[in-house]
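Okay, structure first, notes after.
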Amino acid sequence: MRHGPVVPRVESALRAMLTEGRWLPGERLPNEVALAAELGVGRSSVREAVRLLAHDGLVEVRHGSGTYAARPPAPGGEGDMRRLLRRARLREVYEVRRALEVEAARLAAGRIRPEDIGRLRDHLALREERAGGDPATFVDADLAFHRTVVEMSGNAVLLGLFTSVLPVLREALVEMVGHEPALPDVSCAHAELLDGLARGDADTAIAATVSHLEAVMELFDGDGDGDGDGDGDGDTSELGSDNSEKEVAAP
């Protein structure tokens, strides 16, 4: 709960408050304005965090009435099962990404044109600019970078396959960025991929792609410490504002 994407930190803080019983089951939570002011973040961050908590069954959003605390799921219950299923699905998504993007990096390193490097630099700069903000806009910037790499492979079939899985990929990544506050920082791997492509170095481009994808896949095989449960102390004083230091997290 130090620095990083705002929405996962807000979700973690609210999750801790709910777990500690600040609001009893059936009790109404303060409205968006009050929560945003208390946590020092924007209303949109609170709204997205509440949506994620509702998805995990921790709160109930009653339109026209407000948001109410739900009964916390028992350990090993439905909430844990949802998390496990979410991570299993994300691992499958990343296995597909690895199959497509490693080959794309290899081909692109031998076929990329000087003018293509500028496009990739622009995409990477936008990705870094959006890190720590709204998960959907960050994922869109990230996928634009990776789709451009696939496009520069010069293989129309590979590009068609990648484009066909983009909707599923985007949905899974937005969910991941919103739910996983402990995502690894893979900004260096993205920069190394760009450097390898610029130098026409296929080995570097492949290694950077594998490093980036497998760093995230290791999270799905871990013990689950990064599932957004928070540290249990309920302290929200370090949430800061929406302009707090950014962390260039996965995907």
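Determine how large the accessible area of residue 19 is when every protein chain is in place; take a 1.4 Å probe and give Å² rounded to the nearest 10.
100
Between segment 107-173 and segment 192-210, what is the C-alpha centre distance in whole Å?
When both Cα centres are located, 15 Å separates them.
How many Å² of accessible area per residue for segment 128-218, probe 1.4 Å?
The answer is 38 Å² per residue.
May I ask you to rank 210, 186 by accessible area, largest first, using a 1.4 Å probe over the protein chains only?
From most exposed to least exposed: 210, 186.
Quick check on segment 120-206: take the gyration tensor over C-alpha atoms, sort the square-rooted eigenvalues as a ≥ b ≥ c, and tell me if it's rounded (a/c under 1.5), prolate or oblate.
Here segment 120-206 falls in the oblate category.
Using a 1.4 angstrom probe on the protein heavy atoms only, could you order 179, 63, 123 from most to least accessible area?
From most accessible down to least: 63, 123, 179.
Can you check what the net charge comes to around residue 121, using other residues whose Cβ is under 12 Å from the Cβ of residue 121 (Lys, Arg +1; Asp, Glu -1)?
Numbers: positive: 119, 127; negative: 115, 116, 122, 128, 195.
Computed value for this residue: -3.
Please report, as a whole percent, how much of the solvent-accessible surface of segment 110-186 comes from carbon and sulfur atoms (probe radius 1.4 Å).
Solvent-exposed carbon and sulfur of segment 110-186 make up 56 percent of the total.
The values are calculated or read from the model by the stated rules, or taken from the named source; none is laboratory data. All of these numbers come straight from a predicted model, not from anything done at the bench. Reconstructed Cβ throughout: ideal geometry from the backbone, glycine too, with neighbour counts over all protein chains shown. Note: accessible area is taken over every heavy atom of the protein model, side chains too, but ligands, DNA and RNA are not part of it. Shrake-Rupley method; radii C 1.70, N 1.55, O 1.52, S 1.80 Å.
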